[in-house]
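The structure appears below as C-alpha cells.
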Amino acid sequence: MLRRTLALAALLTLPTACARTLTQSPAARTARHLDAVRRSPPEAMAFLRAMPKGGDLHNHLAGAVYAEHFVQWGVEDGMCLRHDAAAIVEPPCDTARGDVPLADALRTDPTRARALIDAWSMRNFDASRSSGHDHFFATFDGFDARASRYGDMLAEVVSRLARQHTYYVEVMQSLGTAAAMRTGHDAGWTPDLAEMERRLPPERFADVVRAARQRLDDEEARVRTLLRCGQADEDPGCRVTVRHLVTMYRTVAPEELFAHTVAAVEVARADPRVVGINLVAPEDDPVSLRDYRLHMRIVDRLTAHGTRVNVSLHAGELTPSLVPPEDAGFHIREAVTVAGARRIGHGTDMAFEDDASDTLARMAREGIAVEHCLTSADVILGVRGLDHPFALYRSAGVPQVLCTDDEGVSRTDLSREFHRALTTWNLSWRDLKGLARNALTYSFLAGASLWGAPACAADVPGSAHPSPACAALLAASDRAREQWRLESDLARFEAQW
Ligand SMILES: [Zn+2]
C-alpha cells in the first residue's frame, strides 16, 4: 500500500502534459509523435518506414527493379552492351557491329555503369534535354531481363517491401501472355465483338495459360531460393503475400488486344494467385487514344463488366496539355461505367473530365478506389504538390491508396510515397492509417473483409486470440487474414510511442 501511495504521489506531481500523455491511447500518442516529427523530413521518413503500410496495389515488375541490378545481372549473364551503348542485348556479342561484352565495357570505362543507371531510370534526369514522360518510357527500351531473372525481380520487390514493414503486393506483369497477340493477328479484326469471341475462344489459349502458370511457379521457386525462405536466416520478404495482375498492351492492333485480353482473363480464372487484369503502355499513345472507347468495350465484354475477373485500369494518366483536352475528358468515366473497373490507376486528370463530380460520386458510392502514384505523376506528367488531385478525390469520399507504380525507374519506394502525401496534404495519423487499411480493403484478395464482419464484431482486430467465429472467418478469407495481420502490426507500432 505504501509503495502504491508513493507511486500515486509521484504521478500527481508530474507535469500536466506528461500526465496527459500517460493517459492517452496508443493511437493518440502516435498522432502526437507524428506531429512532433512531421516537419523534419528525416524523422518523418524514419517514422513512415517503420509504419506498417498495408500493401502496394500498383507495382509494375519491370519498372520496380533498380537499374543497378539490371547492370549486375547483365554482367553475370554475359550480356552485351549494344554498339550505341543504349541497351544490353543477348550474347553472343556482335563485335562486327561494335557490340561488346558488358563486363568488358564496364571494366574499361567505369563511368559507363553510372551512365546506364541514369539512362534506365529518372536518376539525374535532365529536363532540359528531354521530357520526363519520354525519358521515363524510353528507359524500358534499354533492358529486358531474361526470363530466368523474373524471380530475382520479384525477390527484390518483396524484400524491399518487407523492410518497410509492409506485407502485401499486387504485381503487374504480362506473364508471357503477349504471345496470344499472334493468334489475334492471324484471326483478323471485325468490329463485331461477338464474332471476335467466336474467332478467339478461350480454348485457343490453353498453352499460353499453362506457360503463364508455369512462369509463376518458376518465379516463386526462385524467390524462395534467393530469400532462403523456410531457413533460419530467411529474408523478411518471405512473409510478403504476393498476388498478380496480368497486363495487356493498349498500343497494339485491336485484334491483338482482344486476343491478349482473352488470354489474360483465362489466366486469372485459372490461377488463384492471379487476381485481376490491367491495361498498360502510355495512355497518350496515338493508338491508345484512338481505340480507348473500343478497349473499354472489349474489357467490359470479356470480363462481364468486371464480374468474371477483377479489373483495375490505368485511366486518366494524362494532362490536358499532354493530349487535346477532349481526350482528357472521359477516360476515367468510361473505365468505371463501361469497362467495370474496380480500381483506377492514377486518375490524375480527374479535374478535367466531363461530369467529374458524377464520376467521383459514383466511385465513392460503389467503393471504386483510386491508386495514387505521386512520384510517378511528378516525373512523368509534371503533376506535383497541390496540383495533384489527391484532395479532390478525398473530399468526394473516394477510397484512396498510395502506390509506387515503377519504383525502380522513379527511384522511390512506398515509404517515400507516404512521405509525399504526408507533407503535401498535412495528413493526420488517422489519415495514414486509413491509407494503409485501404490497401487491403480495396485489394483484389479473395474473401470477405474483416471490417463489418459480424463474426469478428466483438473481437479486438489483430489480437493474438480471436474468438472461434472470428478465427473461422480468418481461416476462410485471405483478405481478412491480411487485415488481421496489419491490425496486429499497427497495434505493435502504436504501442512504442
Ligand atoms: Zn502504372
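Each reported figure results from applying straightforward, stated rules to the coordinates on display, with no laboratory input. From a predicted model like this one, the values you see are computed outputs, not experimental measurements. So basically every Cβ, Gly included, is an ideal-geometry build from the backbone, and we count neighbours across all protein chains shown.
The helices (runs of 4 or more DSSP H) found entirely in region 92-180 that carry 1 or more residues being under 27 Å from Asp378 (Cα atoms) are 111-119, 132-142, 150-163. For region 39-85, taking the residues that are free of Cβ contacts under 8 Å to residues at least 24 places away in the same chain and part of a helix (DSSP H, G or I), the one that is nearest to the ligand (Cβ to nearest atom) is identified as Gln72. Looking at region 318-342 only, could you name the residues that are outside any loop (DSSP other than H, G, I, E, B), more than 16 Å from the ligand (Cβ to nearest atom) and among the hydrophobic types (A, V, I, L, M, F, W, C)? The answer is Ala328, Val336. Residue-level check: of (1) without any contact (Cβ under 8 Å) to a residue 12 or more places away in the chain; (2) farther than 19 Å from Ala187 by Cβ, Glu203 misses just (2). Based on what the data block shows, is Ser449 polar (S, T, N, Q), touching a Ser or Thr at 6+ places or on another chain (Cβ under 8 Å) and assigned to a loop (DSSP other than H, G, I, E, B)? Criteria met by Ser449. How about region 343-355: which of its residues are more than 16 Å from the ligand (Cβ to nearest atom) and either out of contact with any Gly (no Cβ under 9 Å at 6 or more places or on another chain) or in a loop (DSSP other than H, G, I, E, B) (or both)? Passing the criteria: Ala351, Glu353, Asp354, Asp355. When Leu48 is tested against (1) surrounded by 13 or more Cβ atoms within 10 Å (Cβ to Cβ); (2) under 28 Å from Asp284 (Cβ atoms), exactly one condition is not met: (2).
Let's see how each residue does on (1) farther than 30 Å from His135 by Cα; (2) of a type outside the set (Val, Ile, Thr):
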site: Asp405; (1), (2): no, yes
site: Asp413; (1), (2): no, yes
site: His419; (1), (2): no, yes
site: Thr424; (1), (2): no, no
site: Lys433; (1), (2): yes, yes
site: Ala436; (1), (2): yes, yes
site: Val460; (1), (2): yes, no
site: Ala464; (1), (2): yes, yes
site: Arg481; (1), (2): yes, yes
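Scanning region 222-250 for residues that are part of a loop (DSSP other than H, G, I, E, B), of a type outside the set (Asp, Glu) and crowded, with 18+ Cβ neighbours inside 10 Å yields a count of 3. For Ala194, state whether it is away from the ligand (no atom under 16 Å from the Cβ), of a type in the set (Gly, Ala, Ser) and either in contact (Cβ under 8 Å) with a residue 40 or more places away in the chain or crowded, with 17+ Cβ neighbours inside 10 Å (or both). Criteria not met by Ala194.
Scanning region 312-332 for residues that are out of contact with any strand residue (DSSP E or B) (no Cβ under 6 Å at 6 or more places or on another chain) and among the β-branched types (Val, Ile, Thr) gives Thr319, Val323.
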